[in-house]
Amino acid sequence: MANLSSAIDSVFWDQNLSSPQTLEGTARSVPGEPFPVDGARASRSHRIQQLSLLREGFPLGIIPAFAPSSDKRLGSFSLNSLLLSPSSSNWWLGLVGQFKPKKLFADIKSNISKADEWDLQLFKDTTKHIVDKSLYSIGLWTQIALGSSSSLLLSAERLGDKDGLRKKLMFVHPLEKHDLTVEAAWPDLFLDHKGLFWDVPESLNFDLSSLAPETGLQYRFGVHKSKGDPHPVNAAGESGVGGEAPASLLPGLCAKAAVSYKAKRDLWRPKEEEDNNTEEDDDDDTPVFLPYDIRLKEPHAAVSGIVGSSLAAWITGRGEKRSLISADVFGSACYTFQKGRFSKLYGDLTRVDARVDVSSASALAKRIFSAVRRSKGSNKTDDDTLGSPRLSLIFQQQVAGPIVFKVDSQFQVGEGKFGAQMEDLIYSLNYSLRLLESGKVVAWYSPKRKEGMVELRVFEF
């Protein structure tokens, strides 16, 4: 089914979305905004761990990515590689490099076209272009085991087209039935539902969460502190982009708690006896294959849903847009249909997920009352787009063997000419790794953000 955990995760400040804007490969979702599409959620594994495995399948261990730069001359295309990865029994270290070739090739081509002859000066000019620091980005990660289960992750990266370092610290301590996480970043990158990026100069998160169940109760408690005014990351280099920063990213100290309940019901799923009879009816010469992904091994139709509530208290940083105490209700409902067992070479997987999200019941109620007032002739309107429900449609189709084409789309209900306006769209090709049982290499592209990258995801679809 579509990932229902986005409902409660979107309330807090630590939900990671995939983005090649940084070498870490992630950006945070803005809390309180519409839930992101499934295809935007980042892999659970660190980027450095992904690169160590992905480089085995790419020539020279170089993995491509697309992300707009602040300097248009640098272009969007980049090449990423894991340069060093020493490790021991209780720590590891990784050094990642990135190279953007467009500006280099353009400058060299310009010099050659202007040169009358190949001389020493042409060689010197070419050398200057090669050592241009804006072409290169570098990042360093290290993780240290603290005891049998706790770990500390430290990272620092310098992007060639930007000044300063990006630093992050993360402490993880899994408990018996909970996860304890402490994170700090200088700065922290956020991605809003409009596709705009925001840098918060200092960000600190403390989060205690119960383990996410397949069905049942889940609860979370978190404290977030941000310092400094958020500023837009002008990735496309366009003037006037950014506007007003989301209220939840403004400086302040906030304590927040959320609780949710998740349920699922099968409408149709073949029983084991039916599966065995089908296999006996098949031709004995037909080979039987294991599924490429164990989480996609059964055809079925199911409905699922999640409902929850959140309570936030702004200890500092209160203002017109943020009250001392606020509460809200959120929820999602999903329908899933899958045909095929994803085990044959062709035509053995077609899957559709349709999910309706309400990120803020209070904003939805205000929008409904505003519509009623307009129907009675009032000129007052409510432009809060958070009040509109979102419809997410996910389509997956097997192309050949372990290769699956996937489309993630999201529509804002109640807007546009036909009552729904497309808000986000992500295309991806997925190569399932049978040896990992439920792992895959994902190559995705977002037309809205003009971004794309290759990731390794495990036990996610």
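Here Ala361 and Leu122 are evaluated by their C-beta separation; at R0 = 60 Å the FRET efficiency comes out at 0.35.
Relative contact order of the stretch 303-360, taken over Cα pairs closer than 8 Å and 6 or more residues apart, is 33 percent.
Solvent-accessible surface of protein heavy atoms, probed at 1.4 angstrom with all chains present, puts Arg367, Arg295, Arg457 in the order Arg295, Arg367, Arg457, largest first. If a spin label sat at a point 7 angstrom from the Cα of Thr316 along the line to its beta carbon, the backbone N atoms of the stretch 183-211 nearer than 19 Å would be those of 183-188, 200-207. Normalised by the number of residues in the chain, the average gap of Cα pairs under 8 Å and 6 or more apart makes the relative contact order 13 percent. Accessible surface comparison of Glu24, Glu298, probe 1.4 Å, protein chains only, largest first: the order is Glu298, Glu24. Length gained on full extension, Leu84 to Thr215: 43.0 nm, using 0.36 nm per residue less the C-alpha separation. Counting only whole DSSP H helices of the chain, the ones at least 20 Å long by C-alpha along their axis and with mean Kyte-Doolittle hydropathy no lower than -1.0 are 361-375. Take the chain with all the other protein chains still there, run a 1.4 Å probe, and you get 51 Å² of accessible area per residue. Figure note: Phe35, Phe418 ranked by solvent-accessible area, largest first, 1.4 Å probe, ligands and nucleic acids not counted: Phe418, Phe35.
Of the solvent-accessible surface of the chain, computed with a 1.4 Å probe over protein heavy atoms with every protein chain present, carbon and sulfur atoms account for 60 percent. Remark: for residue pairs Lys72/Lys124; Lys271/Lys339; Lys194/Lys450, the C-alpha separation exceeds 20 Å in Lys72/Lys124. Placing dummy labels 7 Å off each Cα toward the beta-carbon, the span from Ile325 to Arg269 is 4.2 nm.
The stretch 157-229 and the stretch 50-111 have Cα centres spaced 25 Å apart.
Extension gain for Phe418 to Val131 (0.36 nm times residue separation, less C-alpha to C-alpha distance): 98.0 nm. Accessible area of Leu53 (1.4 Å probe, protein heavy atoms only, ligands and nucleic acids ignored): about 110 Å².
Counting only heavy atoms of the protein chains and using a 1.4 Å probe, His129 has close to 50 Å² of accessible surface. Only helical runs count toward this figure. For the chain, summing -39,500 (n - 2.57) over DSSP H runs of n ≥ 4 and dividing by all residues gives -4000 deg cm²/dmol at 222 nm.
The values are calculated or read from the model by the stated rules, or taken from the named source; none is laboratory data. Bear in mind that the values here come from a model prediction, so they are computed numbers and not experimental data. Cβ: placed from backbone, ideal geometry, glycine included. Neighbour counts: every protein chain shown. For the accessible areas, the whole protein counts, side chains as well, though only heavy atoms, and no ligand, DNA or RNA atoms are used. Shrake-Rupley method; radii C 1.70, N 1.55, O 1.52, S 1.80 Å.
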